[in-house]
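Undergrad: Mind looking over this structure? Questions follow.
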Amino acid sequence: MSDEQNLTRRGLLARLIAGASLGVLGGCQRLSESSWFPKVLGLGEKTTYKMQRLILPRKAMAQEFPAPDLSPQFRSNGTSMPNNPTYRTLASNGFIDYHLEVGGLVARPMALSLAELRTFPSRTQITRHDCVEGWSAIGKWKGARLGALLETAQLRPNARYVVFYCADPMADDGSSLYYESIDMEDAFHPQTILAYDLNDEPLPVKNGAPLRLRLERQLGYKMAKYVMRLEIVDDFSRIAGGKGGYWEDQGYEWYAGV
Amino acid sequence: MPNCEATTEQDKDQAEDTVKKLKRAVARYPYYRHPLPIRIMHWCNALFLFILLLSGLNIFNAHPALYWGKSSYNGNPPLVVLRADENDEGELSGVTRIFGHDFTTTGLLGASKDTSGELAERGFPSWLTIPDDQWLAMARRWHFFFAWLLVINGLAFVTYSIASRHLQHDLLPTGHDLRSIGRSFIDHLHFRHPTGKAARYYNVLQKLTYLVVIFFLLPLMILMGLGMSPAMDSLHPGWVDIFFGRQSVRTIHFVVAWTLVLFVAVHLFEVLISGVWNNIRSMITGYYKIDGEPKHE
């Protein structure tokens, strides 16, 4: 190989390396905006879901903490006061007229007041709330066990998911109400509760009064605040954007274990 | 004729030089240093780590602060915060707060130009993140997809290295290696690199660095990634407290990421000063040119 050839090869290689790095950087944004590539990337999170369901025992418990670990203030994130007249009327009366509706694939649809919810088997737990953004806060929650509530409502055999309909609109014009969904494995987990107390006080409005979901083995966006209605379904593809939740419809994973 | 004589002397010197150079050129022989699987896994690893770093910085930007402990809100201030301050004229400035000390880092950290050219509040600048825009859901997709590829590549590397005895032959330091650490250290400081037969093998500092990266930093990185998962934390409740709690785990993940960047920087520097094209060629074709004649060894 002559020196000249050598130099040409080196020049070509240098150009290739430079071109490849620029291409990678510019290409990543374009790939993110394509319709097909995010679906390929989504295989990563789908694999995570399958692996975690495979290796984690069904009743594996999220860590619980002693009282000194409590966060001095439990941070409010997202909505801190729903822009919803119906909700504000309920809140102004201390939620005395609030009823949680339970319907869908159940033998016994229900409408439960807060007083009635407090008669259900409850659980109190000091747990860590992990936001998808990266922060964590520790709070003490008390609430009705979702499993006990669903047993009372008597699920039909084809019941697969619990959908939570909330009072907080996500759009400025008051539309696009928050919603979420979980499967029955999570719904019947002992730490899955509909919380009405935070740090021994009734749940504040900024943290989701009068009722919010606690789903301790997933990220914060799964834990719907301002829960008004539960619907038991066999499929959520016809609800709103079809991905099983407000943030899921914006591209976040339905399974938020990571 | 003194002039003529001088010319002859010069010619003689030049001729000798040329002969020496030719001899050297002739006496450089290609040595097959990196087998194909190692080359493939090396470049995969480089690409995966690059994407993981940049998508990770986009994820970090969703909450550009680091804490120590079980939660972010435990009464102690954050260790690090990247933020933007706005003055009375509405101008933004980027501020990096480290252990309570503020540094102005406008344009790079805290506030930098977004893709439309406007100064905006963001932790790391858009040219250091995947995707360019602040887009947490998409950054997570990139990050977790390439995290799986990194894990698969890493497992393949360890399996191959043990089975092919690459680990035992090339990476584990010998007794002689360990006794010459001091000399290797001084050689590195003087930018002296092994030549001849010694250039066939990694030097002892190189071996130890690779071992630390492969068997300590990368596994720690992955473990700290898993530690941030609320589901994985339930595998054995409280295991993240071995690493001082979930927010410490997140901080360690971040620090190890930049330690790997430091490793790559030193790695590239050494590649650059010890025969850049020879090194790059050897990691593409497998062949590294070594001074000397193979039959004389």
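The values are calculated or read from the model by the stated rules, or taken from the named source; none is laboratory data. Just so it is clear, the structure is predicted and the values come from calculations on it, not from any experiment. Using ideal geometry, Cβ is built from the backbone for each residue, glycine included, and neighbour counts are taken over all protein chains shown.
Undergrad: Hey, which of the helices (runs of 4 or more DSSP H) in the stretch B:182-277, taking only ones fully inside, have at least 2 residues that are within 14 Å of another protein chain (Cβ to nearest Cβ) and not acidic (Asp, Glu)? Break it down into steps so the answer makes sense when it comes.
TA: On the way: elements: B:204-212, B:218-227, B:230-233, B:246-273.
Output list reads B:218-227, B:230-233, B:246-273.
Undergrad: A further question on this structure: Of all residues being within 13 Å of chain B (Cβ to nearest Cβ) and touching a Leu at 6+ places or on another chain (Cβ under 6 Å) in the stretch A:218-258, which is nearest to residue A:37 (Cα to Cα)? Just the residue, please.
TA: Applying the filter and picking the extreme gives A:256.
Undergrad: Further question: Working only within the stretch A:67-87, note down all residues that are within 13 Å of chain B (Cβ to nearest Cβ) and of a type in the set (A, V, I, L, M).
TA: A:67, A:70
Undergrad: Could you say which residue among A:171, A:148, A:115 is without any contact (Cβ under 8 Å) to a residue 60 or more places away in the chain, assigned by TED's automatic domain parsing to the domain that holds residue A:245 and within 16 Å of residue A:213 (Cβ to Cβ)? Spell out how you get there, then give the answer.
TA: On the way: A:171 fails: within 16 Å of residue A:213 (Cβ to Cβ); A:115 fails: within 16 Å of residue A:213 (Cβ to Cβ).
Within the list A:171, A:148, A:115, the selection yields A:148.
Undergrad: Counting only residues that are among the hydrophobic types (A, V, I, L, M, F, W, C), facing another protein chain (nearest Cβ under 10 Å) and farther than 22 Å from residue A:219 by Cβ, how many does the stretch B:118-137 have? Spell out how you get there, then give the answer.
TA: Taking the stretch B:118-137 and keeping what is among the hydrophobic types (A, V, I, L, M, F, W, C), we get B:119-120, B:124, B:127-128, B:130, B:135-137.
With facing another protein chain (nearest Cβ under 10 Å) added as a condition, the list becomes B:127-128, B:130, B:135-137.
Imposing the further condition that a residue be farther than 22 Å from residue A:219 by Cβ reduces the set to B:127-128.
Result for the stretch B:118-137: 2.
Undergrad: So which residues in the stretch B:55-85 are assigned to a loop (DSSP other than H, G, I, E, B) and either more than 9 Å from chain A (Cβ to nearest Cβ) or of a type in the set (Ser, Thr, Tyr) (or both)? Outline the logic, then answer.
TA: If we filter the stretch B:55-85 for residues that are assigned to a loop (DSSP other than H, G, I, E, B), which is where we start, we get B:62-64, B:67-79.
Correct list: B:67, B:68, B:71, B:72, B:73, B:76, B:77, B:78, B:79.
Undergrad: Sticking with this one: Mind listing whichever residues of the stretch A:199-258 are over 11 Å from the mean Cα position of the chain (by Cα), of a type in the set (A, V, I, L, M) and assigned to a loop (DSSP other than H, G, I, E, B)?
TA: A:203, A:209, A:211, A:239, A:240, A:258
Undergrad: If I filter the stretch B:146-160 for residues that are touching a residue at least 24 places away in the same chain (Cβ under 8 Å) and in contact with a strand residue (DSSP E or B) (Cβ under 9 Å, 6 or more places away or on another chain), do I get at least one hit?
TA: Looking only at the stretch B:146-160, we keep the residues that are touching a residue at least 24 places away in the same chain (Cβ under 8 Å), and these are B:146-147, B:149-151, B:153-154, B:156-158, B:160.
Cutting the leftovers down to in contact with a strand residue (DSSP E or B) (Cβ under 9 Å, 6 or more places away or on another chain) gives us none.
No, because not a single residue in the stretch B:146-160 is touching a residue at least 24 places away in the same chain (Cβ under 8 Å) and in contact with a strand residue (DSSP E or B) (Cβ under 9 Å, 6 or more places away or on another chain).
Undergrad: Could you please tell me which pairs satisfy a Cβ distance under 7 Å, a separation of 6+ or placement on different chains, a first residue in the stretch A:35-59 that is closer than 24 Å to residue B:52 by Cα, and a second residue that is acidic (Asp, Glu)?
TA: Qualifying pairs under 7 Å: A:45/A:253.
Undergrad: If residue B:160 meets every condition in (1) closer than 30 Å to residue B:205 by Cα; (2) assigned to a loop (DSSP other than H, G, I, E, B); (3) not hydrophobic (A, V, I, L, M, F, W, C) apart from one, which number is that one?
TA: Failed condition: (2).
Undergrad: While we're on this one: Can you find a residue in the stretch A:19-30 that is part of a loop (DSSP other than H, G, I, E, B), over 30 Å from residue A:168 (Cα atoms) and within 14 Å of chain B (Cβ to nearest Cβ)? Steps first, please.
TA: The initial filter retains those residues of the stretch A:19-30 that are part of a loop (DSSP other than H, G, I, E, B), namely none.
No: zero hits.
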